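Just below is one structure, and these are the notes that go with it.
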Amino acid sequence: MLLAYPLNDDTVTPGFLGFGVFLLLAVATFLLIRSMNGRIKHVQAPHEADLKQEEWERAQREKE
């Protein structure tokens, strides 16, 4: 015979499975953010002054 327990805050908890899933998501998020920061540091974006210089040089070539 199956005993039915009334559902309330004392009988319904996330338990070890809920804690494990939460911990796994937290670790995965941490690792993804760390990887993203490492990749962003290696991005070589041109500076605004370099872009203006290239635009000026292109304009000078077109004048000739």
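Just a yes or no: is a residue in segment 20-27 out of contact with any Leu (no Cβ under 7 Å at 6 or more places or on another chain) and part of a loop (DSSP other than H, G, I, E, B)?
Within segment 20-27, not a single residue is out of contact with any Leu (no Cβ under 7 Å at 6 or more places or on another chain) and part of a loop (DSSP other than H, G, I, E, B).
All but one of (1) of a type outside the set (V, I, T); (2) surrounded by 10 or more Cβ atoms within 10 Å (Cβ to Cβ); (3) outside any helix (DSSP H, G or I) hold for F30, so report the exception by its number.
Condition not satisfied by F30: (3).
Each value in this text was obtained by applying a stated rule to the coordinates, not by laboratory testing. The shown structure was predicted, so the numbers you read here are calculated from the model rather than taken from an experiment. No Cβ is skipped: glycine too gets one built from the backbone with ideal geometry, and neighbour counts run over all protein chains shown.
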